[in-house]
Each structure stands twice: as C-alpha cells, then as structure tokens.
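The values are calculated or read from the model by the stated rules, or taken from the named source; none is laboratory data. On a predicted model such as this, the values are computed, not experimentally measured, just so you know. Reconstructed Cβ throughout: ideal geometry from the backbone, glycine too, with neighbour counts over all protein chains shown.
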Amino acid sequence: MLVLPDVFERTWGQRAPLFWPRAVKQVRDLFPEFLFMAEAYWDLEWTLQQQGFNYTYDKRLYDRLREQHARPVREHLHAGLDYQDRLARFLEIMTSPAPRRRFPPKVHRAAAVITFLSPGLRFFHQGQFVGRQKRISPHLVRGPAEPVDADLNRFYDQLLEILREAAFRNGAWAATRMCSGLAGQSLVRWISRLVVAGARTAGGSWSL
Amino acid sequence: MLDFVPHHMGLGPSRAQDHPEYFIQGSELDMARAPQNYTWVHRKRGDLLLAYGPRPLLRRLARYVATQLRQSATQEVMIGELTRIAEAMRRRSLRHGDAGAARCL
C-alpha cells in the first residue's frame, strides 16, 4: 500500500513507478502457488487486487461490525462478488485492540457468523478460537498461558464444523432480502443454506 | 505467512555504504524542519541523511529507513528478496507439508 505510486508521492513528494504488478508477476512466474495478501486500508483494496494481489484485508467489514449497525454491514455485503471473493475477512488481526474491547460476547458470535460465512478468505487469528485476551507482538513468537473461554471455543467448534460443509466451501453465495420479520433486513444465503445473524439490543430491536 | 514491507528496511552495516541510492535521502532543510524523521549515517565517502520509515516505534528498535522505490535498481532488489522468500517458503512447505503453511478452511 505504501509503495503504490499515489501513496508514495503523497508521502515523499516523488513519483515511483508501479512496483506490485512487476513484483507479483516475477514471483508468480517462478512460484505460481505463492499467494499475495495485502494489508490494505484507505479504500485501496480494489486497487491492490487489480495490481495482482490474491487477497486484500477487509478492514471495512470489521469496522462496520464493531460499530454494530446492521445497515452498513448489509450494504458492504452487496458489493460485487469479483471483489468480495478476494477479501480476507477477519475478526482479529495483530494490530487490533484486545478482544474484550472489540465485541461483547453475543455480538462476537453474530459478527463471526457474518464474517466467516461470507465470500472471501476466512482469516482466523492465533488464539481466537479459545478467546485469548492478550495481544502478542508477532516479533515475540510466544505468549502467556491464558484460560480457555469454553463457551467461545464450543461456538468456534460448531462454526468450523459448518464451514466444512460442501455448500459453504463450494456453493454459490448471494445476499437476499427478508420480506417480513426483521423489518426488511437483508440476509445472506448460500445455495441450500440460509445464514441469519443478529443480536438483540437492550431496547429489543435487532442491531447486528 | 510472512509480512513483507518493501517501503522500508533495517539499515544493515554495508547497505548505505555501498548503495546509498537504495534509500530516500533528505536535505539539511528537511532535517531542520522535521529532525525526528531523518537520521545521519556516517560513511567513508561522505555522511548521508536518510529518511526513517513511517513507524516511530520501530525507530527505537532499529534504524528503519525508507527505500527509494523510484529507482528501478531498488525495486529489483526488493523483488529479488521476495523471490528468495517464495523459494524458501516452498522448500519449507515441501519439507513440512501443511504444518509449514497457514491452515486454510
């Protein structure tokens, strides 16, 4: 991202030639199985996909889930599949804040269902399945022993089991719309599987 | 999985000596305006003023300086590095199977 010509010019006042298309091609010619994933922000996901990256971070979905408003999340899931199929979707990354500050438990589950049952690359963080709370520097390569969050662990066991189903691995995905019930909330469906995610707020309305 | 950032790199002992063109250089004026963003590197063939990378925290750990990607030679060096990484990862993957790569669902 920092070496994209526009970003480089904004940073240094100098224009650099394109780097990634050349780099990706040269590496891929020799190692076709090598995958490129960009830690992308600032609305540069599509640009980086066009420059050869197999996947780009989907920080936007993560941010919208954290805000806990359903509509922006739904709108994001209506983007073209040529774009969504190449998004790496996550609830934790190394730069995100400690898990407890990110999502309350019920919202965490709804957010996980939306994140990992949507198109794209499912990107899980080390310790996510057992609810680790300490942020570990990737340079440290070790961390303190922490208690396992048994409820969360069971939830992820179920989620992973579901993700092994053929429909979620090879099926076609589509956003759909409810006619009644959840006030016209649009939901998502895979062929033969319907995914519904929500968390009831204190006031009784559905937020996420 | 490996985090590759071609925009800046740790300043090795010989890189700035042999290849100052790989790095973004500042002027005395730049240093006067934003001294926190530049560092002097002493060389036999004249001192260089180089721009730090964008992460202030890393500057405390090591001298992370910005690479001059306007130069084709710098781009080639970075692509060479990436190619070596890809080769090493393939060797590792062949040796360890899936254990050496990220688990995919």
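The condition of being modelled with pLDDT of 85 or more and surrounded by 13 or more Cβ atoms within 10 Å (Cβ to Cβ) holds for only one of A:SER96, A:SER118, that being A:SER118.
Table: residues versus (1) at negative phi; (2) basic (Lys, Arg).
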site: A:ARG109; (1), (2): yes, yes
site: A:PHE116; (1), (2): yes, no
site: A:GLY127; (1), (2): no, no
site: A:GLN133; (1), (2): yes, no
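Against the condition part of a loop (DSSP other than H, G, I, E, B), within 12 Å of the chain's Cα centre (by Cα) and polar (S, T, N, Q), how does A:SER96 come out, does it pass? Spelling it out, it is not the case that A:SER96 is part of a loop (DSSP other than H, G, I, E, B), within 12 Å of the chain's Cα centre (by Cα) and polar (S, T, N, Q).
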